[in-house]
1. Assuming R0 = 30 Å, can you tell me the calculated FRET efficiency for the pair Leu47 and Asn292, based on Cβ-Cβ distance, to the nearest 0.05?
2. Which FRET efficiency value, to the nearest 0.05, do you get for Lys256 and Thr336 by plugging their Cβ-Cβ distance into 1/(1 + (r/R0)^6) with R0 = 60 Å?
3. So who's got an amide H within less than 5 Å of the one on Thr377, skipping anything under 5 residues away but keeping other chains? H placed 1.01 Å off N, in plane.
4. Listed highest first by mean packing, meaning other Cβ atoms within 10 Å per residue, what order do 51-58, 105-112, 211-218, 294-301 come in?
5. Between Phe166 and Thr135, what length in nm is gained on full extension when 0.36 nm per residue of separation is reduced by their alpha carbon distance?
6. When the expected Rg is taken as 2.2 N^0.38 Å, what fraction or multiple of it is the alpha-carbon Rg of segment 269-320?
7. Ala394 versus Tyr375, label points 7 Å from Cα toward the beta carbon: distance in nm?
8. Could you give the nm distance between label points at Arg411 and Tyr128, where each point is 7 Å from its Cα heading toward the beta carbon?
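Since every read-out is calculated from the coordinates, none of them should be taken as a lab result. Remember, predicted model here, so these are calculated numbers, not experimental data. Virtual Cβ from ideal backbone geometry, glycine too; neighbours counted across all protein chains shown.
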Amino acid sequence: MKLIKNMAGYSLPSLICVLIAYYITTRPELLSDKLMVLEPVSFIILLLGAILAWRFNKSCLFFVLLILAASLFGLFKFDGALGRKNDIYNSLCVLIPINLLLHVFLKERGILSIWGMLRLGLVGVPFYYLYISITEKDWLMLNYFKKKYIVLPAFTKTPLPQLGMFLFIIAMFLLCLRLFYQKSLREIHYLAVLTVAYMALHMKNEIAYLIFFAAAGVICIIAILQATYFMAFYDELTGLPSRRALKQDMMKLGMKYTIAMLDIDFFKKFNDTYGHDTGDEVLKLVASVLQNVSGGGKAYRYGGEEFTLLFPSKSKETAFTHLDELREKISKKGYTYNGKKTSKRKKKVSAGKRTSNRSKKSKRRKQNNVSKTLYVTVSIGAAQRDEKFKNTEAVIKAADEALYRAKKKGRNCVCT
């Protein structure tokens with residue numbers, strides 16, 4: 001639930017951009033006399049976004065912005081020069097959803113790398129081929145773009161060609177599906193960009209092109225800034241706020257608060273037994289429980305298998321109830337392990353061959369797939385600010401000492 005709330009909060013700026021752009025384009029009288037100003041502003045926003053994407057090594061967003069800039073340039077510059085307004089429009093209705101969807105599934109591999117050069121070719125070749133097709137009057141491809149494949153009343157309500165409409169629907173469906181499984185802000189931003197691109201092409205006028213493409217640029221800039229913020233203040237593995245975020249939040253605490261330190265019991269042994277990949281999955285499992293801590297608490301990844309919980313305006317007695325509830329939930333939440341176990345089997349050797357086979361091994365390992373549910377427990381130490389512990393450093397140190405007592409006590413318990 002907290003994850004959904006956080007995603008809704010971070011996607012709000014993109015939603016506001018879409019709504020503002022829609023509001024402006026439905027009232028063309030507001031900007032009808034400012035077209036000459038809007039055009040360079042839209043390109044500047046896209047250029048600024050591309051510079052930020054390059055600076056923060058966001059190659060996918062860089063090429064998305066490049067696609068948007070090339071499309072806007074085609075709609076405004078090639079339109080009059082080539083006299084093929086509808087052909088350019090129909091072609092971009094097909095190329096934009098394909099290219100945007102393609103970059104959703106591609107990984108971040110750099111801009112100036114060999115992968116970046118290949119991706120540049122992937123973006124550039126279709127646009128170059130479009131230019132050649134229009135200048136050389138390659139009607140075969142252009143006719144495919146504007147062909148009516150089926151007769152439906154819904155398609156008469158939009159100027160988009162049917163092929164472009166199909167591709168936008170498919171792209172939006174796949175993005176929604178990916179968002180459902182990934183639960184990532186990246187998909188939300190791409191969905192917002194795809195939406196404003198569709199709205200621009202659906203309205204099919206110069207003001208709509210400039211406003212919506214500029215809005216797409218702003219959404220990409222928001223995506224870059226939010227991604228950078230997450231890299232700085234959130235732990236990549238668990239999705240919890242990082243130690244840097246903890247330090248900032250501790251500076252906001254008042255005169256009354258409780259800090260708890262949590263450690264996964266026997267985690268090193270667990271890693272050695274089942275492997276680091278399974279260990280990572282267990283860390284994510286514990287983090288998923290910590291995200292829903294009650295009592296107004298907030299969880300952080302402190303480092304390794306250690307986590308920190310802040311309870312602003314709470315005494316350690318009040319926090320104890322919520323911490324013990326948390327400890328119990330973690331101990332009952334199992335992780336399904338699908339791995340292999342190793343069994344030893346003696347190799348039978350006949351008496352006649354014993355001497356000749358003496359150099360060979362008499363034991364071998366047999367790998368069997370196993371599936372079982374693993375459980376982990378946690379130890380928690382908590383301390384509150386009082387006359388003895390007057391600052392956050394002292395409270396954390398006291399919580400660490402309480403955690404040590406919990407381990408000495410037998411683990412899987414809370415000490416204050």
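1. Efficiency at R0 = 30 Å is approximately 0.10.
2. Values: r = 41 Å, r/R0 = 0.69.
E between Lys256 and Thr336, to the nearest 0.05, is 0.90.
3. Asp265
4. 211-218, 294-301, 51-58, 105-112
5. Gain on extension, Phe166 to Thr135, equals 8.5 nm.
6. 1.37
7. For Ala394 paired with Tyr375, the spin-label model returns 4.0 nm.
8. Calculated label separation equals 6.1 nm.
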